[in-house]
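Report on one structure; see the data block that follows.
Here, each number is a calculation from the coordinates, and none is a lab measurement. Please read these numbers as outputs of a predicted model, since none were measured by experiment. FYI the Cβ positions are ideal-geometry reconstructions off the backbone, even for glycines, and counts take in every protein chain you see.
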Amino acid sequence: MEQNQTSQTQAVQVNSDLIIQQYQEEQFRLNTELMKYKAYSRQLEETVIQLDQEVKAAEERHQNQVKETNKFKNQFKKQQTNNRNNPKQHGQPKR
């Protein structure tokens, strides 16, 4: 009977060791997955920062283009106003 109990105890121990080993393997697998996701998350954060910088640069370029366009429009309006106020008499005979 004592031998039977010893066999049962050994079987329980082997089963426990197997469960612990499976748990550790699963824990390792999950930690590996977690590390992959953390690395991917860092990449995404870096991409977001880069895109944010690109958007800001594009907005700045756009604002500069708008300023240049407005400057050109104002110069053009002044030129048109000057032309209306000082009409040139091309093609007219000199006296």
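Under the Kirkwood approximation applied to all pairs of distinct alpha-carbon atoms, what is the hydrodynamic radius of region 26-70 in Å? Display every interim value, and only then the final one.
Working: mean 1/r = 0.0760 Å⁻¹.
Computed over region 26-70, the radius equals 13.2 Å.
Quickly estimate the mean residue ellipticity at 222 nm for the chain, helices only: each DSSP H run with n ≥ 4 gives -39500 (n - 2.57), and the total goes over all residues, rounded to 500. Walk me through the numbers on the way to the answer.
Values: 1 runs with 84 residues, N = 95.
About -34000 deg cm²/dmol.
Highest GNM mean-square fluctuation, the chain, Cα pairs closer than 10 Å: which of GLN13, GLN63, GLN53?
GLN13
On C-alpha positions alone, give me the angle between the axis of helix 2-85 and the longest principal axis of the chain, in degrees, nearest 10.
The helix 2-85 is inclined about 0 degrees to the chain.
Seen from all sides and averaged, what is the projected area of the convex hull of the Cα atoms in the chain, in nm²? The partial results should precede the final answer.
Details: hull surface 42.3 nm².
Result: 10.6 nm².
Which distance in nm do the two modelled labels at LYS78 and ASN64 give, with both placed 7 Å along the Cα-to-Cβ direction?
The modelled label-to-label distance comes out at 2.2 nm.
Pairs of lysines 8 or more apart, or on different chains, with alpha carbons under 18 Å: count those in the chain, would you?
Values: LYS56/LYS67; LYS67/LYS77; LYS67/LYS78; LYS77/LYS88; LYS78/LYS88.
Count of close lysine pairs: 5.
Looking at region 1-92, which trypsin sites (Lys or Arg not before Pro) are DSSP coil and have at most 14 other C-beta atoms within 10 Å of their C-beta? Mind dumping the intermediate values first?
On the way: sites: ARG29, LYS36, LYS38, ARG42, LYS56, ARG61, LYS67, LYS71, LYS73, LYS77, LYS78, ARG84, LYS88; in loops: LYS88.
Within region 1-92, the qualifying trypsin sites (Lys or Arg not before Pro) (loop, at most 14 other Cβ atoms within 10 Å) are LYS88.
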